[in-house]
1. Quickly work out the Y285-to-K554 label distance, labels modelled 7 Å from Cα along the C-beta direction, and quote it in nm with one decimal.
2. Would you grab the residues whose amide H sits under 5 Å from the one on L238? Only those 5+ places off in sequence or on another chain, please, with H modelled 1.01 Å from N.
3. Using only Cα atoms, find the angle between the long axis of helix 513-522 and the longest principal axis of the chain, and express it within 0 to 90 degrees, rounded to the nearest 10.
4. Note the full-extension length gain between E120 and K135 as 0.36 nm times their separation in residues minus their Cα-Cα distance, in nm to one decimal.
5. Can you compute the helix-only [θ] at 222 nm over the chain? Use -39500 (n - 2.57) per DSSP H run of at least 4 residues, normalise by all residues, nearest 500 deg cm²/dmol.
6. Once Rh is set to the Kirkwood radius over Cα pairs, what Stokes-Einstein translational diffusion coefficient, in µm²/s, holds for the chain at a temperature of 37 °C and a viscosity of 0.692 mPa s?
7. Between helix 388-404 and the chain, what is the angle of the helix's C-alpha long axis to the longest principal axis, kept within 0 to 90° and rounded to the nearest 10?
8. I'd like the distance separating the alpha-carbon centroids of segment 216-248 and segment 308-373, in whole Å.
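Please treat every number below as a calculation from the coordinates, not as lab data. Owing to the predicted nature of the structure, the values given are computational and were not obtained by experimental measurement. Cβ placement follows ideal geometry from the backbone for every residue including glycine, while neighbour counts extend to all protein chains displayed.
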Amino acid sequence: MPVHNSDLEEMFTTLADLLEIEGANQYRVRAYRNAARIVGGYPRRLADMVQQGEDLTAIQGVGKELAGKIEEAVRSGDMTALQKQREKLPSGLLQLLDLEGLGPKKVSALYRELGITGPEDLKEAAGEGRIRELKGFGKKTEEKILHELEQPAPHQERRFLLPRAEEVVGVLQDYLRQAPGLIKLEIAGSFRRRKETVGDLDILVQAEDNSRIMEHFVAFEDVSEVLMQGETRTSVVLRGGMQVDLRAVPGQSFGAALHYFTGSKAHNIAVRKMGQNLGYKINEYGIYQGEEQIAGSTESGVYQAVGLTYIEPELREDLGELEASANGTLPELVSAADIRGDLHVHSHYSDGAESLRDLALAAGARGYAYLAVTDHSQRLSVARGLGSERLLQQLEEIDKVNAQGEGATLLKGIEVDILPDGGLDLPEDVLRRLDLVVCAIHSGFNLSGQAQTERLLAALEHPCCSVLAHPTGRMLQSRSPYDADMERVIRRAAERGVILEINSQPDRLDLSDVHIRMAREAGARMVICTDAHNAAGLDLVRYGVDQARRGWLKKSDVANTLELAELRRLLSPSKYV
Ligand code: DGT
Ligand code: CA
Ligand code: CA
């Protein structure tokens, strides 16, 4: 059974959650959270490294103990430490973590102070008004909990974040390529369109012998259920719940099928309509005029047949891309190679893993010209946020690292908390000493729409605010965006010259594609950042780039495609208006 990096990440996260609920030493909890982040963001498959006998302690942040746990998990599929911790605590507690607004700290208080062991107890206690008495909870929280518990479990189809889907694709693709007689293989569907979550995987093959491919596919070691097996289509469910549809098509239909199964459905329907207007019939096998197939072996042939130029998969949502293609106004989309640096990265001064020098070197090794160090500010004490004094020390060290001239140039920054009233968490005279000030909300997610909007607008008025990070606060699959009027916020940011972040963390991807378009239309500048907490995290930038592409961004829309001197010019005026 392949153990993916995301499986390891989940194990360490659960271990940290359980320890935190139990009230274990904060230091241990944090160590496992860091472990989760390291394995989750690691660019190579740890399972392969274990199998090849590589030394895991060579990975930054992985010591002997962690390496042992990873090896155990890869070999056995579980961790003894996690099993033990599971046995210690009621299993219902983990379910509580799924409720919005309940993190391990709150669950810990519920368990240890009120003896709540699961959703049933929680409902009872909330009904009796006992939750509001607890420190850190209030009447509002209690009402919210009750409300959530009373909702019928939402009938939600299960979706997977992109990195999770990529892991599966990586292993499965390698496996399928070993199949006898395989000619071509492409991944289609929402995965190819780079949507932030994927419902199921759609794989297309051309093969000499379809049934042999299908046999090979269902024999994949991770298949837990075969939903249907046919000559041209087979669907399976993998361990972990992901469905994979495999379709085999002949070469003369490969382009038409790739187009059809890439979608989106709305895009397909619009293209088909264009074809119909020209008197053609379009389906997943080809484009036909009467009985004769006039296109379909290549995807670009499909577009050409209906009078369009090729449309990138990220744009295929029927949101104007057909018109733009017909008019020759499709944007030349930004690409990962255009990115010249990262403007939102954490070091070991706050909750990151890396030293300043190592960050500069890692960024340099990626070919970046610059990297802004933006640790948390003091208010975020759980992340060891910096006060003025430590920030000033950091600035001195940045000067020293830059003076050595190795790697990328470090820029002086901070990820400063936006306080509930919209003020910033550090004095203005300190902020003025920085190259850029990344402003973000990390608490008070539940303010009313009006209060939250005003808070964000107030932050934009601050003379030092250069970037608004993860502007909507959404966490995919776990936290809704704040209640705020994003249209107003985006418009004001554009007017003030404040840059809006596209945060590349795969569970954030914030701004969303919709807000990116809104921002582009408002004339706002954007920046694609990783919010990395270790060097490997810099790789996540590609998810942000995908998101930017889905938002129709060109290179010139994205500030961190600029060379350093140009970037400095862009950043400095905002400090002095
Ligand atoms: P997902 O899996 O929910 O993340 O999203 P998709 O886009 O991968 O959707 P999926 O797997 O249901 O189908 C793959 C593609 O097949 C879809 O993007 C477009 C095409 N398709 C599916 N059903 C229809 C349909 O009824 N009409 C048309 N024209 N195309 C369809
Ligand atoms: Ca799909
Ligand atoms: Ca599908």
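1. Each label point lies 7 Å from its Cα, and together they span 4.2 nm.
2. The answer is S224, Q243, V244.
3. The answer is roughly 80 degrees.
4. 3.3 nm
5. -13000 deg cm²/dmol
6. On the way: Rh = 25.9 Å.
The calculation lands on 127 µm²/s.
7. For helix 388-404, the angle is close to 60 degrees.
8. Between the Cα centre of segment 216-248 and that of segment 308-373, the gap is 34 Å.
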